[in-house]
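The block underneath contains the structure these notes are about, expressed in structure tokens.
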Amino acid sequence: MIRRQLIAVWVGVALVTGALLFVAQASEGPLDDRDPAEQRPGYLDAGQLPQRAPPLPRELGRFRRRTVVFFERPDGLADLCESLRDDDLEQDAAIAVLVSGRAAPCRGVPTAVDRAVAYAAAIGMRRPRDGGPPVGYAVVDAHGQVRYRTLDPGVADRLDEVTTIVKAVR
């Protein structure tokens with residue numbers, strides 16, 4: 001009797017654990033980091049950071065204050081641009097958007113089209129699961145040091161998280 005109960009408990013635990021693993025893996029998308037621990041870690045200076053940021057593409061200007069460099073693909077640019085227009089992030093940091101392909105630039109936001117891939121590599125952005133250009137952002141301090149970088153395919157819906165990170169950077 002006890003043996004059957006133990007077997008039932010173990011089978012139940014195995015099924016629940018398997019179901020949780022299935023749900024966790026199903027929620028990972030092609031734009032997510034291959035290593036979930038590297039995506040949106042929530043703290044500054046992780047790994048090899050801080051590191052010197054390469055100069056921004058000429059059309060985006062220079063690092064004069066805290067800057068958030070967004071990396072986006074053309075199909076997600078409209079959502080990011082709309083979210084940036086509706087948010088007050090620019091009060092806390094300069095904003096630059098780099099797009100990985102041809103697209104109309106964000107109105108009112110410095111945008112460099114077809115420049116994201118090279119700059120993302122230079123700044124140390126990781127590649128997403130699908131192997132394409134990264135979608136996410138990096139925060140650079142006023143001294144030109146990269147303090148935070150992450151893949152975040154849903155960043156347009158999480159600008160409050162970006163603001164939290166920006167405010168932590170001096």
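Side notes on the structure shown:
- Calculated P(r) tail over 23 Å for the chain, as whole % of Cα pairs: 42 percent
- Cβ-Cβ distance of residue 90 and residue 143, R₀ of 22 Å, FRET efficiency by 1/(1 + (r/R0)^6): the value works out to about 0.65.
- As a proxy for reagent exposure, ranking 163, 17, 111 by other Cβ atoms within 10 Å from fewest up yields 17, 163, 111.
- Sites residue 102 and residue 46 - FRET efficiency at Förster radius 25 Å, r taken between beta-carbons, to 0.05: 0.15
- Charged-residue dipole, Cβ positions (Lys, Arg, Asp, Glu), the range 31-168 about Cα centre, Debye nearest 20: 680 debye
- Taking other C-beta atoms within 10 Å as the exposure proxy, 2, 123 rank 2, 123 from fewest upward.
- Inter-probe distance in nm under a simple model that places probes 7 Å from Cα toward Cβ, at residue 35 and residue 9: 3.7 nm
- At R0 = 22 Å, FRET efficiency that the Cβ-Cβ distance of residue 127 and residue 164 yields, to 0.05: 0.30
- Taking the fewest neighbouring Cβ atoms within 10 Å as the starting point, the ordered list for 99, 113, 9, 69 is 9, 113, 99, 69.
- Of the DSSP H helices in the chain, those whose Cα atoms cover at least 18 Å axially and whose Kyte score averages 0.5 or more: 2-26
Every number in this text was worked out from the coordinates using simple rules, so none of it is lab data. Since the structure is predicted, the reported quantities are computational estimates derived from the model, not experimental observations. A quick note on method: Cβ atoms are made from the backbone with ideal geometry, for glycine too, and the neighbour counts reach across all protein chains shown.
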